[in-house]
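S.K.: Input: one structure, supplied below.
Only the coordinates and a few stated rules stand behind these numbers; no lab work does. As the structure is a computational prediction, the values presented were derived from the model and not from experiment. When we count neighbours, we look across all protein chains shown, and the Cβ atoms used for this are built from the backbone with ideal geometry, even at glycine.
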Amino acid sequence: MAQTKRQVFYSFCFDDDVMRVQQIRNMGVVDGDEPVSPNEWEQLQRKDGGVKKWIDDNMAYRSCVVVLVGKRTADRKWVKYEIEKAWNDKKGLLGVYIHNLKCPRNGLGSQGANPFDQFTLKDGTKLSSVVKCYNPIFNDAYGDIKANLSSWVETAINSRKS
């Protein structure tokens with residue numbers, strides 16, 4: 001019997017990484033949330049609580065949050081919110097560096113900071129020591145992500161269950 005694809009929420013820096021993220025969505029190895037258009041994003045930002053509500057609504061029925069890490073991802077306000085919400089909601093959580101995916105506009109990117117380094121758990125442990133941030137092989141990042149994303153998601157979900 002075929003295994004059902006996991007439902008995931010992708011967290012990323014839209015301005016920098018939307019083309020790289022689209023490559024991952026198009027792999028089809030997990031079912032991701034639908035992106036908002038730049039116009040919809042502007043409208044959400046103008047509404048009081050609009051972005052937060054959109055995130056909350058779209059993350060609600062997802063089993064895992066995948067943070068796609070580019071150069072500025074760790075600095076983004078809404079990425080930080082999504083990480084904290086995923087952790088507090090006991091969802092699977094992981095990161096994948098995407099700087100080695102080729103963007104049609106600007107080629108390869110620069111590796112960003114681990115976004116989980118900014119969070120400290122109640123016992124003083126850094127979230128980055130608990131949540132894995134995968135760095136796909138540089139000469140075939142696309143192939144590495146495609147071959148492993150579903151197992152990385154399963155590992156993240158199972159680690160939250162234990």
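S.K.: Kindly indicate the residue of region 74-99 that is of a type in the set (Lys, Arg) and part of a loop (DSSP other than H, G, I, E, B) and also surrounded by the fewest Cβ atoms within 10 Å (Cβ to Cβ) among those meeting that condition. Even if it seems obvious, please write down each step before you answer.
M.R.: Restricting attention to region 74-99, the residues satisfying the condition of being of a type in the set (Lys, Arg) are 76-77, 80, 85, 90-91.
Those left that are additionally part of a loop (DSSP other than H, G, I, E, B): 76, 90-91.
Details: ARG76: 20, LYS90: 10, LYS91: 19.
Within region 74-99, the match that is surrounded by the fewest Cβ atoms within 10 Å (Cβ to Cβ) is LYS90.
S.K.: Output the number of residues of region 113-156 satisfying the condition of being small (Gly, Ala, Ser) and not in a helix (DSSP H, G or I).
M.R.: 2
S.K.: Tell me the residue from LEU121, LEU127, LEU108 that is over 20 Å from VAL21 (Cβ atoms), among the hydrophobic types (A, V, I, L, M, F, W, C) and more than 16 Å from the chain's Cα centre (by Cα), please.
M.R.: On the way: LEU127 fails: more than 16 Å from the chain's Cα centre (by Cα); LEU108 fails: over 20 Å from VAL21 (Cβ atoms).
Every option except LEU121 fails the conditions.
S.K.: When you go through LYS132, LYS102 one by one, which is the residue that is surrounded by 13 or more Cβ atoms within 10 Å (Cβ to Cβ), under 26 Å from ASN58 (Cα atoms), of a type in the set (Lys, Arg) and touching a Leu at 6+ places or on another chain (Cβ under 8 Å)? Step through it out loud before you land on a result.
M.R.: Numbers: LYS102 fails: under 26 Å from ASN58 (Cα atoms).
After ruling out the rest, the residue left standing is LYS132.
S.K.: Considering region 53-94 alone, what residues qualify as being within 15 Å of GLN7 (Cα to Cα) and polar (S, T, N, Q)?
M.R.: Selection gives ASN58, SER63.
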